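Notes follow the structure.
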Amino acid sequence: MKALVYTGPETLIYRDAPEPRPDEGEALIRVESVGICGSDMHAYLGHDERRPAPLILGHEAAGVIALGPRKGNRVTINPLVTCGACPACLAGRDNLCPARQIISMPPREGAFAEWLAMPETNLVAMPDHITPDQAALAEPIACGWHAVRLGLARLATGHSPRALVIGGGAIGLGAALSLAAQGVGDVTMLEPNAPRRSYLELHCDQKVLAPDTVDPGALFDIVIDGVGYEATRAQASALVRPGGVIMHIGLGNAAGGLDIRRMTLQEITFIGTYTYTAEDFRQTAEAMFDGRLGALDWTQTRQLSEGPRAFADIRRGEVDAPKIILRPG
């Protein structure tokens, strides 16, 4: 099969790769659409030791089952594989499974390829009116859906909450859409890239500000950091109200930024959040399918063979759409 293979920092090669062989309980999927994630970019830049070269990246995928009991079904793919038997899995917190694996990280190759093998339990059927490009958005949106669910459950407020989302990529936009779908009516996004701000305002109907223009006195009940750098954590610390909640999704870098003194004195909750549960993924897919998350038309599509150029364009900040979808074949 053809695949886009990460071979070293800022190097991707479109080449032949071995076809996957499904194990018992797995299906073989013909990949139709796969998104480029921020974690793929981290690996591409050589910043993720969990993804050593050579490796097929990509974990935001949708396609058609080609081999298995559900042959012919169109599906979106939950890329997080868990054991199903540990205390975390049995408690419905399977994203914390100590044996968890995610495709695009050894030992599981990713979805920047023509074919992918996945457990049957990780496949969610998609209705006819949903395209593969739209279905591939289930994974990044599920990250935001999970964060919003956790944050709202922790937030104690007697009024309708105000929310701030830092970062206008797919993770941030997914969080903003999830906030609205889960009942938060006042959502503001921060995004430094001017073309992307315009895109989010015009195509996604979002209220978006440049990070340096937000009113420092305009505090928010819940702040979602979809970027995860020292500067964004510092801004989250400054803009969350006393008693509020910071949800930290981004994995930009590992240290700095939090105002621990303010968080302590004003009882601000900080929650790190990784991926989503299987139930979060299913709920996200259902919300997408019934229209609660909007038109899902905020992607730019390219062929998988054009992947190296797509990564380079993202690296240079030349992509205004929140998500690039690659199409194998």
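Each value in this text was obtained by applying a stated rule to the coordinates, not by laboratory testing. From a predicted model like this one, the values you see are computed outputs, not experimental measurements. Neighbour counts are summed over all protein chains in view; Cβ atoms, including those assigned to glycine, are modelled from backbone coordinates with ideal geometry.
Assorted remarks:
- Theoretical ellipticity at 222 nm over the chain - DSSP helices of four or more residues, -39500 (n - 2.57) apiece, nearest 500: -8000 deg cm²/dmol
- Placing pseudo-labels 7 Å out from each Cα toward the beta carbon at ALA254 and ASP212 gives an inter-label distance of 3.1 nm.
- Net length available on complete extension from ARG50 to ARG15 is 10.4 nm, with 0.36 nm assigned per residue and the Cα-Cα distance removed.
- Counting only lysines at least 8 places from LYS2 when in the same chain, those with an alpha carbon closer than 27 Å to its own are LYS71, LYS323.
- Near THR301, the amide H atoms lying under 5 Å from its own belong to ILE325; only residues 5 or more places off or on other chains count, and H is placed 1.01 Å from N.
- Shape category assigned to segment 133-200 from the gyration tensor of Cα positions, a/c cut at 1.5: oblate
- Its relative contact order, with pairs defined as Cα atoms under 8 Å and 6+ residues apart, puts segment 245-305 at 33 percent.
- On a per residue basis, the convex hull of the C-alpha atoms belonging to segment 1-89 measures out at 125 Å³.
- Equivalent ellipsoid semi-axes - Cα gyration tensor, the chain, angstrom: 32, 21, 19
- Computed over every Cα-Cα pair of segment 141-272 and binned at 5 Å starting from 0, the pair-distance distribution P(r) comes out as 2, 12, 24, 25, 22, 11, 3, 1, 0 percent.
- Cα gyration tensor, segment 1-149 - rounded (a/c under 1.5), prolate or oblate: rounded
- Selected from VAL227, VAL214, VAL240 as most flexible by GNM, with the chain as the system and alpha-carbon contacts under 10 Å: VAL214
- FRET efficiency estimate (nearest 0.05) - Cβ-Cβ, ALA66 to HIS129, R0 22 angstrom: 0.50
- Sites MET1 and ALA85 - FRET efficiency at Förster radius 35 Å, r taken between beta-carbons, to 0.05: 0.60
- Straight-distance crosslink candidates among aspartates and glutamates, where the alpha carbon sits under 12 Å from LYS207 and sequence neighbours closer than 8 are dropped: ASP186, GLU191
- Close amide H pairs (under 5 Å, H built 1.01 Å from N) link GLY244 with THR269, residues at least 5 positions away or on another chain.
- Mean Cβ neighbour count within 10 Å, used as a protection proxy, ranking 20-30, 3-13, 139-149, 84-94 highest first: 139-149, 3-13, 20-30, 84-94
- One quarter of the convex hull surface built on the alpha carbon atoms of segment 1-49 amounts to 4.5 nm², the projected area averaged over directions.
- Centroid-to-centroid separation of segment 218-233 and segment 32-47 [C-alpha atoms, Å]: 22 Å
- For the chain, the longest principal axis of the alpha carbon atoms and the long axis of helix 138-154 meet at an angle near 30°.
- Of the trypsin sites (Lys or Arg not before Pro) in segment 242-315, not one is in a loop by DSSP (not H, G, I, E or B) with at most 10 other beta carbons within 10 Å.
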